[in-house]
1. Going residue by residue through region D:299-306, is there one that turns out to be within 13 Å of chain A (Cβ to nearest Cβ), in contact (Cβ under 8 Å) with a residue 24 or more places away in the chain, in a loop (DSSP other than H, G, I, E, B) and surrounded by fewer than 24 Cβ atoms within 10 Å (Cβ to Cβ)?
2. Of (1) farther than 25 Å from C:Pro27 by Cβ; (2) touching a residue at least 60 places away in the same chain (Cβ under 8 Å), B:Val74 satisfies all except one. Which?
3. Report, ordered by the first and then the second residue, all pairs with beta carbons closer than 6 Å, sequence separation of six or more or different chains, a first member in region D:135-158 that is touching a residue at least 24 places away in the same chain (Cβ under 8 Å) and within 11 Å of chain C (Cβ to nearest Cβ), and a second member that is assigned to a strand (DSSP E or B) and among the hydroxyl-bearing types (Ser, Thr, Tyr).
4. Given the options C:Glu366, C:Glu352, name the one that is among the charged types (D, E, K, R), more than 21 Å from C:His213 (Cβ to Cβ) and either away from every other protein chain (no Cβ under 14 Å) or over 18 Å from the mean Cα position of the chain (by Cα) (or both).
5. Just for region B:357-383: of the residues that are of a type in the set (Phe, Trp, Tyr) and in a helix (DSSP H, G or I), which one is farthest from B:Glu112 (Cα to Cα)?
6. Would you point out which residue out of D:Asp318, D:Asp375, D:Asp322 is away from chain A (no Cβ under 14 Å) and either over 30 Å from C:Ala254 (Cβ atoms) or buried (at least 20 other Cβ atoms within 10 Å of the Cβ) (or both)?
7. What are the residues in region A:334-380 that are among the β-branched types (Val, Ile, Thr) and in contact with a strand residue (DSSP E or B) (Cβ under 6 Å, 6 or more places away or on another chain), if any?
Protein chains: 4
Amino acid sequence: MSESLSVGVLGYRFMGRAHANALARLPMFFPEAPAVERSVLIGRDEEAVAEATDQLGFSEYSTDWEDVVGDVDVFYNLGPNNVHADPSIAALEAGTSVFCEKPLAHTLEDAERMRDAARDSDATAGIAFNYRFIPAIRYAKELIDSGELGEIHHVRGTYLQDWLVDPEAPWSWRNDEEVAGSGALGDLGAHTIDLARFLVGDRAGEIDRLSGHLKTFVDERPVPGGDEASLESGGGESTETREVTVDDAYTAQASFEEGAIATFEASRFANGRKNDHSIEIEGSKGSLKFSLERLNELEVLREGSRGYETVLVTDPDDPYIDHWWPPGHVIGWEHTFVHENYEFLSAVAEGEEHTPSFEDGYRVQELLDAIERSDSEGEWVDV
Amino acid sequence: MSESLSVGVLGYRFMGRAHANALARLPMFFPEAPAVERSVLIGRDEEAVAEATDQLGFSEYSTDWEDVVGDVDVFYNLGPNNVHADPSIAALEAGTSVFCEKPLAHTLEDAERMRDAARDSDATAGIAFNYRFIPAIRYAKELIDSGELGEIHHVRGTYLQDWLVDPEAPWSWRNDEEVAGSGALGDLGAHTIDLARFLVGDRAGEIDRLSGHLKTFVDERPVPGGDEASLESGGGESTETREVTVDDAYTAQASFEEGAIATFEASRFANGRKNDHSIEIEGSKGSLKFSLERLNELEVLREGSRGYETVLVTDPDDPYIDHWWPPGHVIGWEHTFVHENYEFLSAVAEGEEHTPSFEDGYRVQELLDAIERSDSEGEWVDV
Amino acid sequence: MSESLSVGVLGYRFMGRAHANALARLPMFFPEAPAVERSVLIGRDEEAVAEATDQLGFSEYSTDWEDVVGDVDVFYNLGPNNVHADPSIAALEAGTSVFCEKPLAHTLEDAERMRDAARDSDATAGIAFNYRFIPAIRYAKELIDSGELGEIHHVRGTYLQDWLVDPEAPWSWRNDEEVAGSGALGDLGAHTIDLARFLVGDRAGEIDRLSGHLKTFVDERPVPGGDEASLESGGGESTETREVTVDDAYTAQASFEEGAIATFEASRFANGRKNDHSIEIEGSKGSLKFSLERLNELEVLREGSRGYETVLVTDPDDPYIDHWWPPGHVIGWEHTFVHENYEFLSAVAEGEEHTPSFEDGYRVQELLDAIERSDSEGEWVDV
Amino acid sequence: MSESLSVGVLGYRFMGRAHANALARLPMFFPEAPAVERSVLIGRDEEAVAEATDQLGFSEYSTDWEDVVGDVDVFYNLGPNNVHADPSIAALEAGTSVFCEKPLAHTLEDAERMRDAARDSDATAGIAFNYRFIPAIRYAKELIDSGELGEIHHVRGTYLQDWLVDPEAPWSWRNDEEVAGSGALGDLGAHTIDLARFLVGDRAGEIDRLSGHLKTFVDERPVPGGDEASLESGGGESTETREVTVDDAYTAQASFEEGAIATFEASRFANGRKNDHSIEIEGSKGSLKFSLERLNELEVLREGSRGYETVLVTDPDDPYIDHWWPPGHVIGWEHTFVHENYEFLSAVAEGEEHTPSFEDGYRVQELLDAIERSDSEGEWVDV
């Protein structure tokens, strides 16, 4: 590991591009980051992965993760949720550091196995909750930790999208419980729950009790005839419609150990919202509001002030901003990946733990699981 | 009743002023409204009610509602929640029309008695859910009823205030379960639940199942020494602190008969929000957003459009606006009282029913009660 | 004058209603205001003025202002701009106080005569620049005067409406130079210039130099056939179209004595804006933003803060708010008239001067005139 | 030129990083772009340029542009405004394509020489007005060109920053007329004027007449003692303060050939604005609003709609977006450089002209010059 970290990446579509881009940008903007070699790109569809290898700047490709996980310094698991566990565990057991996309797994059992594997390994294991690395969110965290909001009373987290509101929108692996575990809950809710834990956890404690609700608005969706690529996974019989076995939306209400209360919600049916991950936090002294669609901004109510202040979190002493551009020259969604890759790879190079860890991923999974149990049992659930 | 409607009003503080002002403004702006005589103002504190009688333009005052309810054409019950039932029922039994502030009662039992009294009376009974009479809300209702939002998927209603966030804010009757029934739930949540029923009820059906959560952040509050006026009611022993026996905040999640899901929340601890009653509704074709702090505006997502349109609902053909000012000359919170008084008094004069009725008030009370039961039992409740 | 002030009002349409409403509301909300009797309503169209007299709560009407101005304590001149001078001067010469709508006159000469008449009279003369009486604007003024913005650098004032963007919108007296003097400039720009003077005058001095630009987008407009009422004035030959002899929009740039610079603009062609009177002020320590369409809000950048704070100017210690409702219960456009009538009538009752005075009206007129001269001469103009 | 375009870049600070990053990102996101070799980085300070060469991924460096401009396929001129002309002209004369930062030059004479050199050369010459390449701006352009706004009436362009509001902010070359030509006018106003020309030029024609105003609020500024780097240029005597010879702010009003009118303004003293480049356009059928601080959004008023629609311009068929991320995954300021480099380099590879051209740069310079002349002469200026 003396010269540069060799990286093997499973997944070459949306997340593959996001992480490959992040790796490519580190030398220019984070020169202190460890050197990284984009070594192997992994995917099952040889033609597609070969083409992506070229475009994303990898040295070679593989169609079998088992050939890779022991041969690289770092393994990125960006595959569908149901292939998170085995490759990640194999890598960790081989002493390879692992960066895994969220949610940690498609079942709580797999998440537990992954957490245990991370505990047992000397390698670094991280989960890619990228929204922790938005400058505005880190600035929010600093405000909360320094006590500027006082005692936390309310947390309100919603993640609203609308890409499934059309009942003719095609079926994909994200609609399949076998692959995804859950729908909006695991895909979007995982982000919200993690963000809530990250932001208020040190002041408000963990979520200790919750009540959840899952909803599927459209029960089956058309399947493009045998076109595997358009399904983004390799299922692919050519039936006409396929059952949606996950939630299109969830809601939850929760309490934190120190007395704060919360509501959470996510939907793929929120007509008019493209990627609106919002969190609002109210404390005894101040409050915060954030929306991902305006990710450079944080609304802050400070003690003694009369209203929310719209802060453009692009000043040189804001988190990560000194690496980028002058004040007001806004950054984008993809920059969160650069930041998290910088932090993760630095931890790997130093042989340290990374936060958020697999333990964090497991805790989120526990809460997602509790929401599902609460929904099926019609009762509040203690966590 | 041939000449003008004589009105007796119980309550002369906040709500008393709001309704007296509405009555006073009708002739100039709603000349087609029935003529009204502000006859009797009712209150227990003779000195205070006498002064208010003068300022609010009433002919005389009384310290006993029993002397009034049979002698006027219309009785306005604007007292604390626990004095809603008896005077209103007495009035209805005497054939006097009744306009009662919300929530209908401090207990479900009283609400039921009031609903039954209204059913049995030929007089008109209305509950003063004034937010139904905001032009932007009525415009929203028109959009929903005409199908412009399609099938309703999501309802999100919050009513956020911050006037109790200071633990030294004084105790008042609104913190007393005996008088108020509940706290943020009954005071604020009643508005939200009514608004949700009003807006989507005809498309989404009634709320049929819900899970609720109540929270009291500050358990006791200082009592100003024996100063009854500052308590806004006549309790008044001079103890140092008094127990808060109601909720400071509530959250709920719910489902509607036709499949929509909802979250609701209210708080008196939402630091930075003064009177932020917000409702968001997403349907299969379009969506809406509204906030009371910007009550002249409605955010509308229309079918085929790319984002929310900020509509200033002040055009001449918007509801009630032809009675007021040219486009863009915004109206205020108090105008909702003029509108609801116009509608209620017109119904009285015509001998017709008023909407929202005591039945509507009862339905809301049922839902508030279900939220409380769900909270205490830790279970979802069918309504 | 011992008992109540008798008031004669010329004009019974838009402004007549706005002021009559203000007078009617004073006793309930400003009990300390002098008592007022709505004595005589004045208009040329006897049938219309008779009907308005009834609806607006006046005791009698007159079709000739000359019969009235000497017989009342206060004369309100709400007529078209070209009838501001003579009746107001006659009233003042008779010792009757005068409240005149803006702009002060349709020509600078008339404005000068009016100012001189006010100087020579012991009666009180006021001009109805109502936007000075918005709570948010007065709060802004307090911030500026107390130095919270520091030295003023920038003023940016726009008044944008869109009611003439349709070329088929009918001709009215507001399009006629003979009656109105100017178009958007006098009707809207007068407000902006006055607001700028009011807000920054004590810090930045007077406007001492400016460059202006007037524009008429549509040169002639259809005239409804002989229907005088729809023209809101008594011209009324039944031609098919009539020439627009005023500006549809103006722009200006200006400098203040103490070094601040400004831009001003108004338009009746700003598609999408209904009544958007906005002012932005930037100083060495802080800044402000205001828009009339959200008149309860002020955006404030305070020294040391990182962004604009959205202040809902509805707290009990905000200007005038203690007369109205609790925090967050927003007021409307018409409340500005209540406030200005309260101030003006109090000045009358005390025999004091009112601000804004006819002198203020004259100063604004001078600046409007300078903008017109600059436009026609193509040069900057010193004032 | 058969294999890849060799690029020499003069300037390695802010703009150098922005363009180097853009070049580096093209292969992954715009695989159809011509291949580019970051060959030579040029700067006077050898130590600094050597370090930047490494970080920005160039093959070698040079301290003399004369050694480079004839040896590369493309020359990027990112130096201070007064070194735009000679190197660019030399390159063009050598047949090397040139991409030059804005404004085109520090004087109109130099701009004219550059335009002529571009005309006389077969190489491609482009000016880096990057804001033309914001997806929201290009979407706006499409709306205007397709007639959705109708006839253009109003243009309102402001570029507001606050980095000089502190009088102790250090002097830099941007405060020096010799180097920069002008201040806010050339640095920020050039962007606004170009954007206005780009957006409405095809509908409204060119600006044909204008009146301008320049203002310097702080006449001299401290100079960090002989520290050339902190001045970002090579002046560097160690005096204590140095005179500010450019404007801190400008305003202008203008008319377009087809009748639209406009106001323009820029400031480095607009407390609270970091990089707020805003443009508002109103037409007979629709209107637009844009702010750079929310560069993913466009506010659109469409014909027949009731208010501005907030469009998140991140859909797959929005300009350039198919190269990036799914809807709602916002891009940043730097992406504008990727887009403009893609377009410029594609033009170079095809041997075509690039828009915006040096001619466009010259036209903007003419208008900047006219603003300065108008300010000094106190008259409107025909262009």
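The values are calculated or read from the model by the stated rules, or taken from the named source; none is laboratory data. Please read all numbers here as calculations on a predicted model, not as lab measurements. Cβ placement follows ideal geometry from the backbone for every residue including glycine, while neighbour counts extend to all protein chains displayed.
1. no
2. (1)
3. Listed pairs, sorted by first residue: D:Arg156/D:Thr263; D:Thr158/D:Ser278.
4. Values: C:Glu366 fails: more than 21 Å from C:His213 (Cβ to Cβ).
Criteria check complete, one pass: C:Glu352.
5. Here the residue is B:Phe358.
6. The match here is D:Asp375.
7. Of everything in region A:334-380, those that are among the β-branched types (Val, Ile, Thr) and in contact with a strand residue (DSSP E or B) (Cβ under 6 Å, 6 or more places away or on another chain) turn out to be A:Val348, A:Ile371.
One line per residue, one yes/no per condition, for (1) in contact with a Leu (Cβ under 9 Å, 6 or more places away or on another chain); (2) loosely packed, with under 15 Cβ neighbours inside 10 Å; (3) among the aromatic types (Phe, Trp, Tyr); (4) more than 19 Å from A:Ala128 (Cβ to Cβ):
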site	(1), (2), (3), (4)
A:Glu3	no, yes, no, yes
A:Val7	yes, no, no, no
A:Met15	yes, no, no, no
A:Ala24	yes, no, no, no
A:Pro31	no, yes, no, yes
A:Val72	yes, no, no, no
A:Phe75	yes, no, yes, no
A:His84	yes, no, no, no
A:Pro87	yes, no, no, no
